[in-house]
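Okay, structure first, notes after.
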Amino acid sequence: MDHIKAVIFDLDNTILNRTMTFDAFTQSLINTYFSHLESTEEISKRIIELDQDGYKDKPLLFNELLHELPWAEHPPHAELMEFYGREYVRSSVLMEQAREVVQHLRGKYRTGLITNGQTNIQYGKIDQLGIREDYDHIIVSEEAGVKKPDPRIFQLALDHFGLTPEQCIYIGDHPVNDIEGAASVGMSTIWMKVNQPWQDRITSGPLHTIKHLSELKKLL
């Protein structure tokens, strides 16, 4: 790996434990709006199911929840979006050893972060976790005007660092958005296997597959 000069990460379910974060947000939503119910287990499961591991458009998600869940009184859609923006950010949880691993790698490489999502939400989570200074460069898709897997968002990182694709390695959990997307500009990749299943149609496989960030210490 002597040729590698920068290590670039995805955020959700790579650095941030998105599963635990959304679970905590779901509980906050239930505590706030469904205290009139004796049992909320099925509601919790349904919210998480409809969210589709974070890939459901949030205005659509809350529209579905307004129509489907047994609210005591239906709050305005805008109120739920504001609640989400506040409480989801507050619920942020890091992946195990995330800061330790990234700070270890900073001793050898430049570090970057490329994430899809709303600018205020993604930077909100980054700042809630106190990790903004762990990265030399951060790209959020809404702010950049382009999102993964579009190769242009990866090219933005290359341009910032002034490096070739061969000098960068990208680490993420989504086979298409992260692995295929980064490979499309020539970056090597490491797949963080979390919730998203591999898709056999993808021909540009990762150099390595990991389940825990701590594995990067030996690989890099």
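The values are calculated or read from the model by the stated rules, or taken from the named source; none is laboratory data. Predicted model, so just to flag it, every value in this text is computed and none were measured. Backbone-built Cβ (ideal geometry, glycine too); neighbour counts: all protein chains shown. Note: areas computed on protein heavy atoms with side chains; ligands, DNA, RNA excluded. Shrake-Rupley method; radii C 1.70, N 1.55, O 1.52, S 1.80 Å.
Only one of the listed values, [x] 19.2, 71; [y] 18.3, 60; [z] 21.3, 78, was derived from the coordinates as Rg and Dmax of the Cα atoms in Å; which label is it?
Identified label for the calculated read-out: [y].
Enumerate the aspartates and glutamates that LYS58 could reach by cross-link, defined here as Cα to Cα under 17 Å, with residues fewer than 8 away along the same chain left out.
ASP12, ASP23, GLU49, GLU68, GLU79, GLU82, GLU87, GLU142
Among CYS168, SER204, GLY181, which residue has its Cα furthest toward the positive end of the charge dipole of region 136-214, with +1 on Lys/Arg Cβ and -1 on Asp/Glu Cβ?
Projecting each Cα onto the dipole axis, the largest value belongs to SER204.
What whole-number value in Å² describes the accessible area per residue of the chain for a 1.4 Å probe?
Numbers: 10450 Å² over 220 residues.
Solvent-accessible surface per residue comes out at 48 Å².
Could you order peptides 192-205, 66-79, 148-161 by the average number of other Cβ atoms within 10 Å of their residues, highest first?
Descending mean neighbour count gives 148-161, 192-205, 66-79.
Could you sort 92-98, 214-220 so that the peptide with the highest average Cβ count within 10 Å comes first and the rest follow in order?
Details: 92-98: 18.1, 214-220: 14.4.
Descending packing order for the listed peptides: 92-98, 214-220.
Ignoring ligands, DNA and RNA, what percent of the 1.4 Å accessible area of the chain is carbon and sulfur?
Working: 4940 of 10450 Å².
Exposed carbon and sulfur together represent 47 percent of the surface.
Once you place label points 7 Å from the Cα toward the Cβ at ASP159 and GLU41, how far apart are they in nm?
So the label points at ASP159 and GLU41 sit 5.3 nm apart.
Under a Cβ-Cβ cut-off of 12 Å, what is the net charge of the residues other than PHE34 that fall near it, where Lys and Arg count +1 and Asp and Glu count -1? Walk me through the numbers before you get to the answer.
Numbers: positive: ARG46; negative: GLU38, GLU41, GLU42, GLU73.
Net local charge, PHE34 excluded: -3.
To the nearest Å, what is the center-to-center distance of region 1-76 and region 123-152, using C-alpha atoms only?
The distance from the Cα centre of region 1-76 to that of region 123-152 comes to 20 Å.
Which of the pairs LYS5/LYS193; LYS56/LYS147; LYS125/LYS148; LYS5/LYS217; LYS193/LYS217; LYS147/LYS217 have their Cα atoms more than 21 Å apart in this structure? All intermediate terms of the calculation are to be shown ahead of the outcome.
Values: LYS5/LYS193 24 Å; LYS56/LYS147 15 Å; LYS125/LYS148 19 Å; LYS5/LYS217 15 Å; LYS193/LYS217 17 Å; LYS147/LYS217 28 Å.
Going by Cα-Cα distance, LYS5/LYS193; LYS147/LYS217 fall outside the 21 Å limit.
Starting at 0 and stepping by 5 Å, how many percent of the alpha carbon pairs of region 19-91 end up in each bin?
3, 16, 30, 32, 16, 3
HIS212 versus GLU64, label points 7 Å from Cα toward the beta carbon: distance in nm?
Simple spin-label model gives 3.3 nm for this pair.
Starting from one equal scatterer on each C-alpha and no solvent at all, send me the Debye-based log10 I(q)/I(0) for region 90-220 at q = 0.09, 0.10, 0.23 Å⁻¹, two decimals.
Ignoring solvent entirely, the Cα scatterers give -0.24, -0.30, -1.78.
How far is it, in nm, from the label point at TRP71 to the one at ASP2 when both lie 7 Å from their Cα along the line to the Cβ?
If labels sit at TRP71 and ASP2, their model points lie 6.2 nm apart.
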